[in-house]
């Protein structure tokens with residue numbers, strides 16, 4: 001008999017929501033995001049605010065996040081996200097937080113969003129930066145004994161949606 005994945009997902013989501021209320025977890029995650037911002041600023045990539053980065057189907061990329069990152073975004077977003085929002089975003093090929101051509105959660109977006117730029121000149125360093133900082137986020141999960149999962153953004157969001 002296979003375990004009910006929806007129950008496991010609900011349990012994991014609850015675990016991540018509990019962990020993201022701990023000051024040390026939030027402080028560490030935000031410091032990782034601050035390091036990302038500093039390194040990105042030093043490189044000066046171009047952002048045209050076209051919304052292409054949020055349209056995964058059109059750009060041919062997928063956004064992956066960790067459980068703590070998804071919980072962080074969910075608990076800090078000014079808008080809640082429902083399963084219907086996620087399904088609609090999936091059908092249009094994009095992110096449920098995209099509003100017109102802009103990110104509706106820009107200040108709290110996950111690492112994958114922070115390091116991805118459509119600017120082709122940025123592609124040479126994006127993966128390295130992402131991998132280094134993702135290792136720090138994985139270590140954050142481990143240091144606080146929080147189960148680690150790395151999954152596609154909309155699938156991870158659906159674990160929290162009602």
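What follows draws every value from the coordinates through simple rules; no lab data is involved. Predicted model, so just to flag it, every value in this text is computed and none were measured. Reconstructed Cβ throughout: ideal geometry from the backbone, glycine too, with neighbour counts over all protein chains shown.
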Can you show me the helix-derived [θ] at 222 nm for the chain, built from DSSP H runs with n ≥ 4 at -39,500 (n - 2.57) apiece and divided by the number of residues, rounded to the nearest 500. -17500 deg cm²/dmol
Give the residues of the stretch 66-104 whose amide nitrogen is closer than 14 Å to a point set 7 Å from the Cα of residue 144 in the direction of its Cβ. 66-76
Ratio to report: Rg/Rh of the chain, with Cα atoms as the point set and Rh obtained by the Kirkwood method; give two decimals. 0.95
What is the chain's relative contact order, in percent, from Cα pairs under 8 angstrom and six or more apart in sequence? 37
Least to most buried among 106, 90, by other C-beta atoms within 10 Å and fewest first, runs 106, 90
Sorting 72, 33, 150 on the 10 Å Cβ count, fewest up front, what's the list? 150, 33, 72
